[in-house]
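*Asks:* Questions regarding the structure given below will be posed in turn.
Computed from the coordinates by the stated procedures, all read-outs in this text should not be read as laboratory data. Owing to the predicted nature of the structure, the values given are computational and were not obtained by experimental measurement. Note that each Cβ is placed from the backbone with ideal geometry, even for glycine, and that neighbours are counted across all protein chains shown.
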Amino acid sequence: MAGRKSNAVKAAEAAKAVENDPKTESIKTEEKKTEEKKAASTEKKEPAKKTAAKSTTKSTAAKKTETECVIHVQFAGKSYAQDELMKMAKDVWKYDLKQKAGDLTSVVLYVKPEENKVYYVMNGEFNGDFSI
């Protein structure tokens, strides 16, 4: 029985023979190249996914609309909404200043309830006041 080899020894010798076989070496090299190509292609695809995610986030942020804001000024039992004050300012622009409605590009209003007045600056050059 001393001349017999155990199955474990035979398996180890067979594994060494396969490792040292030149045909096996070329197969292993090809397998490594294939794995490297797969890894490289996966790495290339992942940044594209990240870029797509970033562009989606940017476009979502660009699509957001501004928050609507409505201001009401209340004093001495009176109440004026932002829209009402803006309409009054447009009327001043059109009738008092005798300007075209389409020429009005910017309006800044300063409400002073204690004076019952609204001070305005229109298009950065016309200023004055009107009573409320």
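*Asks:* Please list the non-local residues whose amide H lies under 5 Å from the amide H of ILE132, H modeled 1.01 Å from N, same-chain partners needing a gap of 5 or more.
*Replies:* Correct list: LYS117, VAL118.
*Asks:* Could you please report the charge total around LEU109, scoring K, R as +1 and D, E as -1 over all other residues with beta-carbon less than 12 angstrom from its beta-carbon?
*Replies:* Working: positive: LYS87, LYS90, LYS112, LYS117; negative: ASP83, GLU84, ASP129.
Around LEU109, the surrounding residues sum to +1.
*Asks:* Around MET122, under 13 Å between beta carbons, what's the net of Lys plus Arg minus Asp minus Glu among the other residues?
*Replies:* Details: positive: LYS90, LYS94, LYS98, LYS100; negative: ASP91, ASP96, ASP103, GLU125, ASP129.
Overall, the nearby charge balance is -1.
*Asks:* In region 89-132, which residues have a backbone nitrogen under 11 Å from the label point lying 7 Å from ALA76's Cα in the Cα-to-Cβ direction?
*Replies:* Correct set: 113-117, 132.
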